[in-house]
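J.: Quick one: structure below, then a few questions.
The values are calculated or read from the model by the stated rules, or taken from the named source; none is laboratory data. No experiment lies behind these values; they were computed from the predicted model shown. Cβ atoms come from the backbone with ideal geometry, glycine included; neighbour counts cover every protein chain shown.
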Amino acid sequence: MADIAHSPNSLSPANQTLLRHYRSQVMTRRVYSLISVALVLIALLAAMNYANAANSGKFFERIPYMFDFLKNFVPRDPLEIFRAMFDIESPYYDGSLKFDYTSDRHYITDSLYIPNFIYQLAVTVNIAIVSTIIGGGLAFLLCFFAATNLVGAGAVRWFMRRAMEVMRAFPEIVVAGLLTAVLSIGPIAAIAAISLHTIGALGKLFFEVVENADMKPEEGLRSVGANWLERVRYAIVPQVMPNFVSYTLLRTEINVRASTIIGAVGGGGIGEVFRLSIGRDHAAKTYAIVILLLVTIVAIDQFSGWLRRRLVGNQSFQMGGGAA
Amino acid sequence: MSISLAEKTRLEKKYPEVFKLNFMRRWGLLVGLGVTLLYVIFCWFFFNVGPALQNGKWDRAAIYVQDWYSWRAQPRLRFADGKVTAEWSSRGQYAKGAEIDWLTSHADGTMTATFDSDDRLDVSTRQVDVYLDGVAYPVAITADGAVAPADAPSAIRQDRQKVLVDFGFAGQAEIRGNQVTVQRRFLGWANFLYDPRSPLWGNDLFSTVGLVFSGDRINPAKSNAQLVLDEWLGNRVWQHGDILTKLMQTLVMAFVGTLFATLVAFPFAFIAARNITANKPANWLMKRAFDFLRSIDMLIWALFFTRGFGPGPIPGIAAIFFTDTGALGKVYAEALENVDDKQREGMKSVGASPAAVNRFGVVPQVLPVFVSQSLYFWESNTRSATIIGAVGAGGIGLKLLEAMGTNSDWDKVAYMVLLILMVVFLFDNISNAIRSRLIGPTH
């Protein structure tokens, strides 16, 4: 806080009292800020110490090995990365899995094939899109029941909101794990897990949009005797649709990442391939997947960003809200 | 009410945009829905959903779900020397020599397993009497297996040489020529407080509280409160101590990762913001660096650092830190580019140094936004730290994955899920409270 006067003697007695109170308040505020910063820093240090103690390798001991790992984790020549990416035979092929790029090709016809990593990437992206469609669709149907301005029954709203919270916070791997135990490993478990989370996350954002909608069109329809369904369809939906679509697109971006991770714990797709290749020290394959994922995620982010800007303008970048 | 033709044409001429919608406005929604439907049908076949659902083990799914909130006692009643004796596996839920109220041995070597007031099994080595709703159905034990009576209801089923009895939720029994495998199901979680090998086994919550406040020590070496805590944390079945430690690791991962990301993204966002740093190459470079960090999946960072540092919370912290530095940097830079210039001009006009201009002209405007965004990321990371842990970055995720892998520890899975839900709700509320103090309640 910048001070307001340097020579308090020139002030009237009443103003001097005012200044004294102001300064004491500023002091209290500063003390409180300092205390909270100190508390956060202490918590941070304690947490870091705890994490270091709990890790199997200690941070400062492992740092040199981290660079060793990077140094040794280099493909034999840069072209290897692209051979791995497009399933082209490697000149270093010695029968080991490390240089075996060709055996996982997905043949469409006798000579035309889809490279394995690109196929797996398609699986992952499709899982994300299908989950967004299912989750977004259900969130769309449910969100109107959680909005204060549309549903009078407090119990319904309360139940809807709690249900959405649970779906949002429920660990995705548990849903995936339970379905994997029933259906055996496959993408359905991943789709179910991500869809469930999407219902919760989008449902919350959706009903907040609905609550901020202009109620005049709804009143107009009510005055000519429209029922609840008609009022929602013709008064609310047209207003909230651009925001809904924008949030759904943002969710698609997040779900691509989520489906990669779920894939790594047993949902299939590129995540699983990546986990295997980095675990087995297959440098070329690993870098090929990293590049593919990077390009895909950047492309999807750019495309959905462009679409969102067209739909609702620049105000659609509330990252945190969408990421939660 | 109808209108004349002239009126109709007049209206149509006056408001052409209402009556002559272009193709996309009129049919766009239907076309979109149709395309989506086609896509979903394509995915149905692409992911082989039909066959996968058909081959699913749905009968087991019911058991797995029941395991979340109930437990099974599974003794084997073996026939030996004309007597029936109960045998428990190493995972048995009863201490040695404990009285079991639903399983009683009689002096003549027979045993009774009670399932309900009208449902029970009277087991002897020659014959097993199955009581269903008070009616007895004798199952004969012969040299080549068990034989169900001819008038048995559908709950008693002959399967080759064995007879299967279904008591519904209360359990089931499998009668063979040399043994009866009983499965008795109870609501709740077995041995949640103490495992059967603990000296405190058999105490419930109330008697535990009584123990803590009663004077006489069970173990002379330590106080009762200490003993209760040690025995509870050291529960070999539920592993409370281990689970709570892992949960703590997950929370630490989210907290340290987000806080570090905030601290690093804060100064760099000033470099990335066009209006703060008037250096185009620096802006561009910083923004691309943020994009790069953000676009590499959290999974990739996690697996990468797991290779480097070994499993534990450090790879998790590093993964969250790297992705979120990118994401927070981007959000912060955008917030900085939207600040009101008047306050900066005011500071400049009185001759303040660049640092002072930013400190008093910019930071007060953006700080609430920054803190609220960081809190959002903290909330979200508390959730994602679980799953990051499952790929090897430590924490409760790995524990969950292990428990699910056995297919018989679903009660432990439920326990961990409950803990995670509680922690997530708690943190949501804390972060909401801080946020609404900073920027006023959102709704």
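J.: Looking at (1) more than 10 Å from chain A (Cβ to nearest Cβ); (2) not charged (D, E, K, R); (3) not in a helix (DSSP H, G or I), which one does B:Gly329 not meet, given that it meets all the others?
T.: (3)
J.: Next up: Determine which member of the set A:Ala201, A:Ala190 is farther than 22 Å from B:Lys57 by Cβ, in contact (Cβ under 8 Å) with a residue 60 or more places away in the chain, facing chain B (nearest Cβ under 10 Å) and crowded, with 19+ Cβ neighbours inside 10 Å.
T.: Numbers: A:Ala190 fails: farther than 22 Å from B:Lys57 by Cβ.
Result: A:Ala201 is the single residue among A:Ala201, A:Ala190 that is farther than 22 Å from B:Lys57 by Cβ, in contact (Cβ under 8 Å) with a residue 60 or more places away in the chain, facing chain B (nearest Cβ under 10 Å) and crowded, with 19+ Cβ neighbours inside 10 Å.
J.: Under 7 Å between Cβ atoms, at least 6 apart or on separate chains: pull out the pairs that start in the stretch B:105-121 with a residue that is in contact (Cβ under 8 Å) with a residue 60 or more places away in the chain and end on any residue that is assigned to a loop (DSSP other than H, G, I, E, B).
T.: If the second residue must be assigned to a loop (DSSP other than H, G, I, E, B), the pairs left are B:Ala113/B:Trp102; B:Phe115/B:Phe167.
J.: Which number in (1) closer than 27 Å to B:Val65 by Cα; (2) hydrophobic (A, V, I, L, M, F, W, C); (3) in contact with a Leu (Cβ under 7 Å, 6 or more places away or on another chain) marks the one condition that B:Ile434 misses?
T.: (1) is the only condition that B:Ile434 fails.
J.: Of all residues in the stretch B:356-393, which are facing chain A (nearest Cβ under 8 Å), more than 18 Å from A:Gly263 (Cα to Cα) and out of contact with any Ser or Thr (no Cβ under 6 Å at 6 or more places or on another chain)?
T.: B:Phe360, B:Ser372, B:Gln373, B:Tyr376, B:Ser380
J.: Going by what's in this entry, would B:Val65 be described as under 29 Å from the mean Cα position of the chain (by Cα), at pLDDT 85 or above and loosely packed, with under 15 Cβ neighbours inside 10 Å?
T.: On the way: under 29 Å from the mean Cα position of the chain (by Cα): yes; at pLDDT 85 or above: yes; loosely packed, with under 15 Cβ neighbours inside 10 Å: yes.
Against the criterion (under 29 Å from the mean Cα position of the chain (by Cα), at pLDDT 85 or above and loosely packed, with under 15 Cβ neighbours inside 10 Å), B:Val65 qualifies.
J.: Of all residues in the stretch A:239-294, count the ones that are assigned to a helix (DSSP H, G or I) and within 23 Å of A:Leu183 (Cβ to Cβ). Before the answer, list the steps.
T.: Going through the stretch A:239-294, the residues assigned to a helix (DSSP H, G or I) turn out to be A:239-267, A:270-279, A:283-294.
Filter once more, so that each one left must be within 23 Å of A:Leu183 (Cβ to Cβ): A:255-256, A:258-267, A:270-276.
Total satisfying the criteria: 19.
J.: Same structure, new question: Check B:Arg274, B:Arg217, B:Arg236 and return the single one that is in a loop (DSSP other than H, G, I, E, B), touching a residue at least 40 places away in the same chain (Cβ under 8 Å) and more than 30 Å from B:Ala62 (Cα to Cα).
T.: Result: B:Arg274 is the single residue among B:Arg274, B:Arg217, B:Arg236 that is in a loop (DSSP other than H, G, I, E, B), touching a residue at least 40 places away in the same chain (Cβ under 8 Å) and more than 30 Å from B:Ala62 (Cα to Cα).
J.: Assuming B:Ser408 fulfils every condition listed in (1) more than 10 Å from every other protein chain (Cβ to nearest Cβ); (2) surrounded by fewer than 23 Cβ atoms within 10 Å (Cβ to Cβ); (3) assigned to a helix (DSSP H, G or I) apart from one, which condition is it?
T.: Here B:Ser408 meets the rest and fails (3).
J.: Can you spot a residue in the stretch A:78-101 that is surrounded by fewer than 17 Cβ atoms within 10 Å (Cβ to Cβ), of a type outside the set (S, T, N, Q) and within 14 Å of another protein chain (Cβ to nearest Cβ)?
T.: The answer is no; no qualifying residue exists.
J.: Scan the stretch A:84-123 for residues that are under 20 Å from A:Ala284 (Cβ atoms), touching a residue at least 60 places away in the same chain (Cβ under 8 Å) and within 31 Å of the chain's Cα centre (by Cα) and jot them down.
T.: Listed by number, the residues that qualify are A:Ala84, A:Met85, A:Asn116, A:Phe117, A:Ile118, A:Gln120, A:Leu121.
J.: Considering only residues that are facing chain B (nearest Cβ under 8 Å), within 16 Å of the chain's Cα centre (by Cα) and among the hydrophobic types (A, V, I, L, M, F, W, C), which ones fall in the stretch A:267-301?
T.: Result: A:Leu293, A:Leu294, A:Ile297, A:Val298.
J.: Could you say whether any residue in the stretch A:140-163 is touching a Ser or Thr at 6+ places or on another chain (Cβ under 8 Å) and either outside the structural domain of A:Asn227 (by TED's automatic domain parsing) or under 30 Å from A:Gly266 (Cα atoms) (or both)? Please lay out each step first, then the result.
T.: Going residue by residue through the stretch A:140-163, those that are touching a Ser or Thr at 6+ places or on another chain (Cβ under 8 Å) are A:157.
Then drop every residue that is not either outside the structural domain of A:Asn227 (by TED's automatic domain parsing) or under 30 Å from A:Gly266 (Cα atoms) (or both), which leaves none.
Within the stretch A:140-163 (the criterion being touching a Ser or Thr at 6+ places or on another chain (Cβ under 8 Å) and either outside the structural domain of A:Asn227 (by TED's automatic domain parsing) or under 30 Å from A:Gly266 (Cα atoms) (or both)), the answer is no, since none of the residues qualifies.
J.: Of the residues A:Ala264, A:Ala258, which single one is of a type in the set (Gly, Ala, Ser), within 16 Å of B:Leu299 (Cβ to Cβ), out of contact with any His (no Cβ under 8 Å at 6 or more places or on another chain) and facing another protein chain (nearest Cβ under 10 Å)? Steps first, answer last, please.
T.: On the way: A:Ala258 fails: out of contact with any His (no Cβ under 8 Å at 6 or more places or on another chain).
After applying the criteria, what remains is A:Ala264.
J.: Look at B:Val350 and say whether it is away from every other protein chain (no Cβ under 11 Å) and at pLDDT 85 or above.
T.: Working: away from every other protein chain (no Cβ under 11 Å): no; at pLDDT 85 or above: yes.
So B:Val350 does not fit the description; no.
J.: Do we find that B:Thr36 is within 56 Å of the chain's Cα centre (by Cα), assigned to a helix (DSSP H, G or I) and of a type in the set (S, T, N, Q) in this structure? Give the derivation first.
T.: Working: within 56 Å of the chain's Cα centre (by Cα): yes; assigned to a helix (DSSP H, G or I): yes; of a type in the set (S, T, N, Q): yes.
When the stated conditions are applied, B:Thr36 passes them.
J.: Separate question: So, in the stretch B:90-149, of the ones that are small (Gly, Ala, Ser), assigned to a loop (DSSP other than H, G, I, E, B) and surrounded by 13 or more Cβ atoms within 10 Å (Cβ to Cβ), which residue ends up farthest from the chain's Cα centre (by Cα)?
T.: Kept after step one, since they are small (Gly, Ala, Ser), are these residues of the stretch B:90-149: B:90, B:92, B:95, B:97-98, B:105, B:107, B:109, B:113, B:117, B:124, B:134, B:136, B:140, B:143, B:145-146, B:148.
Checking the rest, the ones that are also assigned to a loop (DSSP other than H, G, I, E, B) come to B:90, B:92, B:95, B:97-98, B:107, B:109, B:117, B:124, B:134, B:143, B:148.
Imposing the further condition that a residue be surrounded by 13 or more Cβ atoms within 10 Å (Cβ to Cβ) reduces the set to B:92, B:95, B:109, B:124, B:148.
Details: B:Gly92: 26, B:Ala95: 31, B:Gly109: 46, B:Ser124: 45, B:Ala148: 43 Å.
Applying the filter and picking the extreme gives B:Gly109.
J.: May I ask you to list pairs of residues, at least six apart or on different chains, whose Cβ atoms are under 6 Å apart, with the first in the stretch B:300-326 being touching a residue at least 12 places away in the same chain (Cβ under 8 Å) and more than 7 Å from chain A (Cβ to nearest Cβ) and the second being surrounded by fewer than 24 Cβ atoms within 10 Å (Cβ to Cβ) and among the aliphatic types (A, V, I, L, M)?
T.: Sorted first by the residue in the stretch B:300-326, then by its partner, the pairs are B:Phe322/B:Leu293; B:Thr325/B:Val264; B:Thr325/B:Leu293; B:Gly326/B:Leu293.
J.: Can you name the number of the only condition in (1) modelled with pLDDT of 90 or more; (2) within 24 Å of the chain's Cα centre (by Cα) that B:Val237 fails?
T.: It fails just one condition, (1).
J.: Kindly list the number of the only condition in (1) more than 30 Å from A:Leu293 (Cα to Cα); (2) assigned to a helix (DSSP H, G or I); (3) not small (Gly, Ala, Ser) that fails for B:Leu293.
T.: All conditions are met except number (1).
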